[in-house]
1. Suppose a student asked you for the relative contact order of the chain, using Cα pairs under 8 Å spaced at least 6 residues apart; what percent would you report?
2. Please report PHE87, PHE290 as a ranked list, fewest other C-beta atoms within 10 angstrom at the top and most at the bottom.
3. Taking other Cβ within 10 Å of each residue's Cβ, how do VAL224, VAL59 sort, fewest first?
4. Return the sequence-ordered ³J(HN,Hα) values of segment 176-192 in whole Hz as given by the Karplus equation 6.51 cos²θ - 1.76 cosθ + 1.60 applied to θ = phi - 60°, using x for Gly and Pro.
5. Find how much the distance from SER218 to SER177 grows on full extension, using 0.36 nm per residue of separation minus their present alpha carbon separation; answer in nm with one decimal.
6. Step through the residues of segment 271-284 one at a time and calculate ³J(HN,Hα) from phi using the Karplus curve (6.51 cos²θ - 1.76 cosθ + 1.60, θ = phi - 60°), rounding each to whole Hz and writing x for Gly and Pro.
7. Could you please tell me the mean projected area of the C-alpha convex hull for the chain, averaged over all directions and given in square nanometres to one decimal?
8. Which distance in nm do the two modelled labels at ARG132 and ARG271 give, with both placed 7 Å along the Cα-to-Cβ direction?
Amino acid sequence: MLAKRGVETSDDWIVERTGIRARHFVADDVNASDLATAAAQRALEAAGLAATDIDLIIVATSTPDMVFPSTASIVQRKLGVHGCAAFDVQAVCSGFIYALSVADAMIKAGGANRALVIGAEVFSRLLDFDDRTTCVLFGDGAGAVVLEASHKPGVVATKLHADGRHLEILCTPGTVSGGRILGDPLLKMDGPAVFKLAVGVLGDVANEVLALAGRTTSDVDWLVPHQANIRIMQSTARKLKLPADRVVVTVAEHGNTSAASIPLALDVAVRSGQVQRGQRLLLEGVGGGFTWGAALVDY
Ligand code: UT7
């Protein structure tokens, strides 16, 4: 389809270099909040809860419906509830790990009992279809989880990082000012630079979070990584000495959906029966900022 649009690329190149076979783009009248609300409803249904049971909504997104208010406030309204805390977290492709970590901390501090943590993106809106190095990679989607206060974790440990020295290697630099867009509003990425950094930091942060929990990779049943590139996932698994068949891989069906990719992968793995109750998960993500992080979750 892209080749037909005049982009100099091929299915073979995309599959071989990234593992991506398909992506989803929303219609013009669909926003991140629509995807987020649908994902939230499916997560609530799976948890046997109603939206009124939730006292915290966090949406991880870099493609919000509006500059403000937050996409989380819009999701709250679409869920037909009001009063509970609702806000967005913006850490690009690490957004879901950041949001999960914030929700976990708020629950552990007694500030919330039941949280909806959602990753939702419409990255198709940011793509420059004249740039073959980025337009073949990203897609739209959303995924959500419900966290509940409990004596047994849950979220065992999280670790977050950012390094603002690398802002330029992955960014959408445009901004709104005086009713105009200043700067370029389309996504820019130095793919090889991101690739190199990602491979280094993902292995390190996985080991950090395991050390925080007093665990090793042999305690990990499933690695659920950010779905950017199959080669990054394979390389992280090799570094951690995790066999490839313990990595949840959905990049082929979704492409890179930024903050949505980890909860989407988790959703596919849980609903397909791949991830089972009682199993121990290592979630990890990396993205613009530069941001990265990991979470250990006992499902
Ligand atoms: O989600 C946040 C985190 N993001 C990521 O983790 C993305 C990280 N980066 C990557 O996944 C990879 O760097 C890419 C998939 C973006 C690129 O793969 P690569 O193996 O690093 O390719 P490259 O950029 O080194 O380019 C190799 C060649 C170049 O041609 P020459 O200079 O060797 O003639 C590119 O121009 O491939 C060319 N190329 C393409 N060819 C066909 C770049 N994009 C395309 C394309 N189709 N779409």
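Each value in this text was obtained by applying a stated rule to the coordinates, not by laboratory testing. Because the structure is a prediction, the values reported are computed rather than measured. When we count neighbours, we look across all protein chains shown, and the Cβ atoms used for this are built from the backbone with ideal geometry, even at glycine.
1. 25 percent
2. In increasing order of surrounding Cβ atoms, one gets PHE87, PHE290.
3. Least crowded to most crowded, the residues run VAL224, VAL59.
4. 9, 8, x, x, 10, 8, 9, x, 7, x, 9, 5, 10, 8, 8, x, x
5. 9.6 nm
6. Those phi angles translate into 5, 7, x, 5, 8, 10, 3, x, 7, 9, 10, 10, 9, 7 Hz.
7. 15.5 nm²
8. Going by the 7 Å Cα→Cβ label model, 3.4 nm.
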